[in-house]
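**Q** Could you have a look at this structure, given as structure tokens, before my questions?
The values are calculated or read from the model by the stated rules, or taken from the named source; none is laboratory data. Remember, it's a predicted structure, so these values are computed and weren't measured experimentally. With ideal geometry, Cβ positions are generated from the backbone for all residues, glycine too; neighbour counts draw on all protein chains shown.
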């Protein structure tokens, strides 16, 4: 509590409390808007104004007299009261304009940028006095900005008003800079608005500065650079090479094309407004329109490379804006990149609560997952209004804390909002992916705030129509920084359905095994093996692969038929199909289960580990490569060599070694190593980490060959050494060849051609 502020408050209530034109104020000794409003109403009463208000409007301004040294009475009390609230001591509170009051007013004027002004109180300074703005540098402010504020006041206050000198680039300072520009452009004071109207834009477009030019506008450009966070001397009005370099850095930071050795309207507009030159080209756009193939082509024809689209519709809303899988496929197949927006409301503070955050986070996750969006991508959650700093901290920050605690955190969390919203969320929650709503240049959260350095997309112009006929579409223009590469591919959505099915099978296994994770993993694999015919009744035969149950039971372990029947009766559904995220092949998970469990199962005692290794190899890729050699022998046309035919047929449909076989074999090995190295790992987690988790920009399955070679052999040479050994017609290789091909007539040339084709493929994956 400040004793002198309390004294001012008591005086106001005692003097004007019975006047209906005055609202009594709280006597707490704290300067706040209540006390400032009281001082303004007191001044209006003294000026004879009958309809008083809390604002210092044009009538108050026009009637306000100069209060000079030697004056006394209530007007002096009001000046002294304002000084005490502002932090300046007039030496007392007595209604007499003596030396102390004169010195305090002079100090205020000096802080405002008028060091040689008198200590008398004119109306321009009275308006500045009866305000909450500061004229000393605040803790968050900078002296460099404060110096600019003082210079702007000194040279341009007559076009606007005395503005704060607190070291903060804010709304008032931004308006003052534009007023200053308007004055230098020759726009009359009566027409100046402090905003970018058509006259200001037209006259500014006529201005261009080259190295060596001098102009007061060049000094304003220097001011604006400092306000945007770029260090430059503000004492010169000359356009020099140093200034040009810094302007180039500024332009690059916003992806603006700046002319060589020049500064033009495009750069100036971006320095003094969030949206900049709205006629400039852009690589990105966003739209609420479900895009047809024709409209997508319109975007491409107009040079757009990125398009932002909405994940969901607003409940009970009338606009059908959400993505469809067909639209995603059309966008990506056209070569465009996609970025994702979540907005179901978000246009008022009431939409930002923890409860809504949890709901929205779950909705966004479900929508993105259903579309097969890999989890390295960013979802931009919208703050589509102009919250003050208080509302950002009280509502928006807790909301995003809730988003970060929802399942949406499996994706990168981004923000669509004003510069102030983005900067505060960066500071408070370490969010670093921003889609900035700069097109709303009149928002207080954009005026006077610097661009967040971590911006990905910058929406700078809205409601633009491009194209004609069926190709016409309404878009917003969006600058692209390159930080977010956008969605370029999706995982086939079926993989999510399969993962959920796999989880259901695992949960049944956990209950069946009394929560034994290792046993549950085996039960899950047994279920899928039986579905694919890779084991079962010792005296039956498999449904596929022409391999006996006895062989698979020996190399991969027995199958628990009771558990398999339990799964069948409980789930009673077809196993969901899914495509491999990398090859786009439909996945043969039954094959993977057989290879995986073979690699985990010990066939015979540890004294014969070498033979067990051979069994693992021949139950996987080596077995498929062996039968592939038979395909080469029996299918080779007379006009082709063995090697030509093997190179041509490797991994092709209709062969014994298709791409589906290969990926199941290699993935089986890789997943076996993960499960063997961590016996507490669930098969569901191993599947998710390998096929669906893309935290590093790609799934492990997309690097399966390199993963297999490096983890198993260390390098390609070691792999090839083993592969070459397995191509020798010696025991036990010859035994496995006979067992798998049921023939001893396959030529050495066919086996060698198959091995060479396979070796070359592996080497190509490592390059």
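**Q** Report yes if residue 180 is surrounded by 23 or more Cβ atoms within 10 Å (Cβ to Cβ) and not assigned by TED's automatic domain parsing to the domain that holds residue 268, otherwise no. Steps first, please.
**A** On the way: surrounded by 23 or more Cβ atoms within 10 Å (Cβ to Cβ): yes; not assigned by TED's automatic domain parsing to the domain that holds residue 268: no.
Considered against the rule, which asks whether it is surrounded by 23 or more Cβ atoms within 10 Å (Cβ to Cβ) and not assigned by TED's automatic domain parsing to the domain that holds residue 268, residue 180 comes out as no.
**Q** For the stretch 1-35, how many residues are touching a residue at least 40 places away in the same chain (Cβ under 8 Å) and under 15 Å from residue 77 (Cβ atoms)?
**A** Residues meeting the conditions: 8.
**Q** So, one more: Applying the selection to the stretch 471-495, what residues are in a helix (DSSP H, G or I) and modelled with pLDDT of 95 or more? It would help to see each step written out before you state the result.
**A** Residues of the stretch 471-495 that are in a helix (DSSP H, G or I), as a first pass: 471, 494-495.
Passing the criteria: only 471.
**Q** Between residues in the stretch 732-743 that are assigned by TED's automatic domain parsing to the domain that holds residue 630 and surrounded by 13 or more Cβ atoms within 10 Å (Cβ to Cβ) and residues that are at pLDDT 80 or above and part of a helix (DSSP H, G or I), which pairs lie under 6 Å by C-beta distance while being six or more apart or on different chains?
**A** These pairs meet every condition: 737/626; 740/623; 740/626; 740/627; 741/630.
**Q** Still on this structure, please answer the following. If you take the residues of the stretch 232-258 that are under 18 Å from residue 479 (Cα atoms) and free of Cβ contacts under 8 Å to residues at least 12 places away in the same chain, which of them is surrounded by the most Cβ atoms within 10 Å (Cβ to Cβ)?
**A** The residue in question is 258.
**Q** To continue, here is another question. Only one of (1) at pLDDT 95 or above; (2) out of contact with any strand residue (DSSP E or B) (no Cβ under 7 Å at 6 or more places or on another chain); (3) not assigned by TED's automatic domain parsing to the domain that holds residue 450 fails for residue 221. Which number is that?
**A** Status for residue 221: all satisfied but (2).
**Q** Scan the stretch 408-451 residue by residue and report those that are more than 30 Å from residue 372 (Cβ to Cβ), in contact with a helix residue (DSSP H, G or I) (Cβ under 9 Å, 6 or more places away or on another chain) and surrounded by fewer than 21 Cβ atoms within 10 Å (Cβ to Cβ).
**A** 428, 444, 448, 450
**Q** Of everything in the stretch 711-731, what is loosely packed, with under 15 Cβ neighbours inside 10 Å and part of a helix (DSSP H, G or I)? Give them in sequence order.
**A** Of the stretch 711-731, the ones loosely packed, with under 15 Cβ neighbours inside 10 Å are 711-712, 714-715, 717-718, 721-722, 724-725, 728-731.
711, 712, 717, 718, 721, 722, 724, 725 - these are the residues of the stretch 711-731 that are loosely packed, with under 15 Cβ neighbours inside 10 Å and part of a helix (DSSP H, G or I).
**Q** Using the structure shown, decide if residue 279 is in a loop (DSSP other than H, G, I, E, B), exposed (fewer than 15 other Cβ atoms within 10 Å of the Cβ) and in the same structural domain as residue 222 (by TED's automatic domain parsing).
**A** Working: in a loop (DSSP other than H, G, I, E, B): yes; exposed (fewer than 15 other Cβ atoms within 10 Å of the Cβ): yes; in the same structural domain as residue 222 (by TED's automatic domain parsing): no.
Against the criterion (in a loop (DSSP other than H, G, I, E, B), exposed (fewer than 15 other Cβ atoms within 10 Å of the Cβ) and in the same structural domain as residue 222 (by TED's automatic domain parsing)), residue 279 does not qualify.
**Q** Just one of the numbered conditions (1) at negative phi; (2) part of a loop (DSSP other than H, G, I, E, B); (3) in contact with a strand residue (DSSP E or B) (Cβ under 9 Å, 6 or more places away or on another chain); (4) outside the structural domain of residue 436 (by TED's automatic domain parsing) is not true of residue 247; which one?
**A** (2)
**Q** Something else now. What is the one condition in (1) under 24 Å from residue 366 (Cα atoms); (2) without any contact (Cβ under 8 Å) to a residue 24 or more places away in the chain; (3) over 13 Å from the mean Cα position of the chain (by Cα) that residue 432 does not satisfy?
**A** Evaluating residue 432 over (1) under 24 Å from residue 366 (Cα atoms); (2) without any contact (Cβ under 8 Å) to a residue 24 or more places away in the chain; (3) over 13 Å from the mean Cα position of the chain (by Cα) leaves (3) as the failure.
**Q** With the structure loaded, tell me whether residue 110 is assigned by TED's automatic domain parsing to the domain that holds residue 236, modelled with pLDDT of 95 or more and either out of contact with any strand residue (DSSP E or B) (no Cβ under 8 Å at 6 or more places or on another chain) or assigned to a loop (DSSP other than H, G, I, E, B) (or both) or whether it fails that test. Break it down stepwise before answering.
**A** On the way: assigned by TED's automatic domain parsing to the domain that holds residue 236: no; modelled with pLDDT of 95 or more: yes; either out of contact with any strand residue (DSSP E or B) (no Cβ under 8 Å at 6 or more places or on another chain) or assigned to a loop (DSSP other than H, G, I, E, B) (or both): yes.
No: the conditions fail for residue 110.
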